[in-house]
Structures are given as C-alpha cells and as structure tokens.
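The structure appears below as structure tokens.
The values are calculated or read from the model by the stated rules, or taken from the named source; none is laboratory data. Note that the structure is a prediction, hence the values are computed from the model and not measured. Don't worry about glycine lacking a Cβ; one is built from the backbone with ideal geometry, like all the others, and counts go over all protein chains shown. SASA here: full protein model, heavy atoms, side chains in, ligands and nucleic acids out. Shrake-Rupley method; radii C 1.70, N 1.55, O 1.52, S 1.80 Å.
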Amino acid sequence: MLTKLGQKFTDTFTRYMPSAYVFALLLTLLSGLMALIFTSTKPITILEGWYDGFWKLLSFGMQIVLIVITAYSIAQAPPIKRGINWLSKRITTPIQVYLTIMVFGILISFISFGMVVVTSILARELAIRIKGVHYPFLVACVYFSGNAWVCGLSSSVPLLLNTENNFLIESNILSDTISTSYSLGSTLNLLMIILFLFVAPFIIWLLIPKSANGKELHNLIVERTDSEATIKSEALSYKLPYKALSDALNNAGWLQITIALLGLVYIVYHFATKGFDLNFNIMIFIFIIVGLFLHITPMRYSIAMKRASSNISGILFQYPFYAGIMGIMMASGLGVKISEVLASVATPNSYAFISYITGGIVNFAIPSAGGEFAVIGPSIINMVQDLGINMTSSEINTMMARASMSVAYGESLSNLLQPFFLLLVFPVMGKGIKIQARDIVGYLFIPFVLFFILQALMVTYIPL
C-alpha cells in the first residue's frame, strides 16, 4: 500500500513540479509579492534587496562547486575505483543497494552535509554495476540520507551559537555563547540520530518500488559522458613522440606529491591547534590534497578535475537566484515578520514546535541554515527569553538550544520538498542522463510526512 501511495505522489510531483530553476523563479516572485503585501517596504527597496542578495552567497556557491568537483575527482582515482569494485561484489541486490546507501549516507553526513557528494558517487557506481536498481528512487535515498547532517558535527545553528562574538552576541540578543552540550549533545539530538539511523532506512525499505522497468541508469542515459579511456591512458596520450621538459613536468609525480605533503602538514596543524574544526574550507582542502596523492601526477589530476567539472552549470547559475530571495526576505523584514507572528502564539509547551514550523516554512525561501537563522534567529531567541523570564540561566540556555535546534530540524526536513540542495547531488548522479527534481521529490513525500510527525512529537515532548 505504501509503495502504491508513494508512486501516486511521484506521479503527481512529476506532473506539477517544475525544475529547480523554475522553482527558484516562482519563489522569487512569491517572496516579492508577500513582501509588498505584508510589509511596508517600498518596491524599490525590495528590488535593491534582491539585487544585493545575488552576491551574498558567491563564496558559498564556489564552496559548493569545489566540494562537488574535488570529491568527484577523488572517486575517479584507481584505488577508489578498486574499493568500489570490491564493495559492489558484496552488494548484489537492489534492496542491498538502497539500504547500504541510506546507512552509509547517514553516517558520513554526520561529518558534514557536503559528504552527500561522496554518497552520490558510491550510489552511481553501484547503479552501474548492479542490475534492477530503480535510479530515481536511489537518488531519493541519497538525498534523504544527507538530511542527517543537521544532527552532526557541521550543523550550522549549534556551531553558530557556540561561536565567540557571533551576530546574536554582537546584537546583544545573547550575552554569551551556548555550548554544544546543550544542542548537539542533548538527549533530543541523540534520539534524533537514532531516528535517522534506524527509522529512515526502515521507511525507505517500505517504499522500495516493485519494479525498475525503464528506470535503471542505462535506460536514462541520453549522453555518454564517461570516457572509456582511463585517466592514466588519456594522460599518456598527451605526450609528445619525443622527450620534452614540458612532458616531464606535466607528469612529474615528485612535484605533485611534494605539494600534497605540504598540504598534509597544514591539515595536521589545523586539527592539532583548532580541535575538530570541520568546516567547508578545510573539507575542500582535504579533498584537494587527497586527490593530489591519489592521482600522483599533475596531468592525471587535471584530467580528473576536467571530467568532474562537466556538469555543474545548475549550481553556478541557480545559487544567485536563491541568494536574491534571501535578500528580499532580509531587506523587507518579511522573514522576521513571519517568525514574529508565529512566536507571538508560543507557550512554554509549544515554543519548540513553533520554532520547528518556522524553520520549515522559511526554508522554502532561504534554503540555507545559516542564512535562515540570521533572519529568524533573533525572533526565536527573544521568544524563549520572554517565556523563561523566571527561569535559571541553565534552563534558559536549554530552551534556547532546543528552540534553535528545532529550527534546524524543520529547515533540514523541508529540504526534502525544496529542490535547492539537489544541486549538490545532480552534478554526480545526473551526469549524462535525463532527470529533474520532479522525478525525485515524489519519492520523498511520504518520508517527509512521517518524519514531520515523528520530529514534531520529539521536539515537543522529549523532556529537557
């Protein structure tokens, strides 16, 4: 019954849901209209906010591009190929593929949400090797597994609350940082981790399509993009028929390994001096250094990066539109107004659920946890402080951490219906095939509903 219901939702989304780019354009118009109707902001101010917002996520967009291509270049290295071949010999059925990808994706997403690229690489390789895998459903598994990042080490909101002189402290909304022991180390978050590890794969198992006819990877390929030549053989093909210094340098393993060793020294220094400070920049740097080691020569690494960079157009031109939507929300005060309206009805028993709903709603316009919390975080914190006026500082910190994490859980879950972060998955899993967000999101609707019910109950009723 669940499988049939899931297929109905998939058919509905296929019929009515536009591409991620069109989705961004429609959200731009909707955000602008809502800003005009519900705030007193002048139209030109909204346009200015939209324009200014375009450039506020440029560095973030470049980080996303680099995380995709550096991770993908690693996957093309011979040792990784051998590892995937070894794994594929032990995974022989589609069910094993789906469940392996779910568990693997959830576990590495606890490190960082950028790790969804690694999950994508493994999933595509398994789909190539194992018959009967329903490819759009597998993409949905990858995307769903990446949702677990919100409970892990790179969760933006708890890291922000524990950062010295964060914007909440500088704005006198908070007097001090809030330790991650109140957020990531809380009973609520630990139980949320268990929810992802055990319940999410079970939900996916219940929803596995009965047939993959016409939906296997080889059925969807419209452009043969993977070169039959290995990276090593392509590198050799560039050599001149006679000895030349240029060829010697292009294929100089000593040169690339020396640079890689210098990078390794810095990575060790970084973690030795800053602890487990895992952010986007250091992750990208690690991926680059690992790629240098694995590909050995400059020519091979250049070829791997060229192949990895061939399908990132969606990221390059769509991110600025979503950043523009964030600019509208900030310039007009629409995001703050939404959170204030919701916070006005909060009680000591409902504040976490209100925060959860707020995070989910605003995420459709600002699909970035950090960017969203910059807009609605002050209203959420003020709401908790008003509710806890007669409580101890420890109790208030616990409530603020719970409310903030509830925002993060809501924001993360609504990504299942918001195709923004599919842009992280599609450069790998959509390479050379005909696939859009509408082909994926339908499979995520039932997981969204079930997780919404479970998470709403958890943030509301799990004791402090």
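How far apart, in nanometres, would the label points at residue 177 and residue 81 be if each is projected 7 angstrom from Cα along the Cα-to-Cβ direction?
Spacing of the two 7 Å Cα→Cβ label points: 4.5 nm.
Name the longest site-free stretch of the chain, where the excluded sites are GluC sites (Glu not before Pro) in a DSSP loop with no more than 16 other beta-carbon atoms within 10 Å. Please report the intermediate quantities before stating the final value.
Numbers: sites that count: 164, 223, 228.
Longest stretch, sites excluded: 229-464.
Given H placed 1.01 Å from N in the peptide plane, which residues other than close sequence neighbours of residue 437 have an amide H under 5 Å from its amide H?
20
What's the FRET efficiency of residue 268 with residue 230 using the Cβ-Cβ distance as r and R₀ = 30 Å, to the nearest 0.05?
Numbers: r = 32 Å, r/R0 = 1.06.
That gives a FRET efficiency of 0.40.
With every protein chain left in place and a probe of 1.4 Å, what is the accessible surface of residue 205, to the nearest 10 Å²?
So the heavy atoms of residue 205 present about 130 Å² to solvent.
What does the accessible area of residue 95 come to, in Å² to the nearest 10, when a probe of 1.4 Å is used?
Here the accessible area works out near 80 Å².
Going toward the positive end of the dipole of the stretch 45-200, with +1 on Lys and Arg Cβ and -1 on Asp and Glu Cβ, which of 75, 115, 167 do you reach last?
Of 75, 115, 167, it is 75.
Across the Cα atoms of the stretch 253-381, what radius of gyration and what greatest pairwise Cα-Cα distance (Dmax) are found, in Å?
Rg then Dmax for the stretch 253-381, in Å: 21.6, 65.
Could you sort out which of 306/434; 81/243; 8/89; 56/337 sit more than 25 Å apart by Cα distance in this structure?
Numbers: 306/434 21 Å; 81/243 31 Å; 8/89 34 Å; 56/337 21 Å.
Pairs exceeding the cut-off: 81/243; 8/89.
Through the Karplus equation 6.51 cos²θ - 1.76 cosθ + 1.60, θ set to phi - 60°, convert the phi angles of the stretch 343-348 into ³J(HN,Hα) values in whole Hz; use x for Gly and Pro.
So the Karplus estimates, Gly and Pro as x, are 5, 5, 9, 6, 10, x Hz.
Amide H of residue 221 versus every other amide H placed in the peptide plane: which residues, excluding those fewer than 5 positions away on the same chain, fall under 5 Å?
Long-range HN contacts for residue 221: none found.
So how exposed is residue 317, as accessible area in Å² (1.4 Å probe, rounded to 10)?
Rounded to the nearest 10, the figure is 90 Å².
Can you run phi through the Karplus equation (6.51, -1.76, 1.60; θ = phi - 60°) for the stretch 38-54 and list ³J(HN,Hα) in whole Hz, with x for Gly and Pro?
After applying 6.51 cos²θ - 1.76 cosθ + 1.60, I find 9, 10, 9, 5, 6, x, 5, 5, 5, 5, 5, x, 4, 5, 4, x, 3 Hz.
Over its Cα atoms, what ratio of radius of gyration to 2.2 N^0.38 Å does the chain give?
Numbers: Rg = 23.2 Å, N = 464, 2.2 N^0.38 = 22.7 Å.
Ratio of Rg to 2.2 N^0.38 Å for the chain: 1.02.
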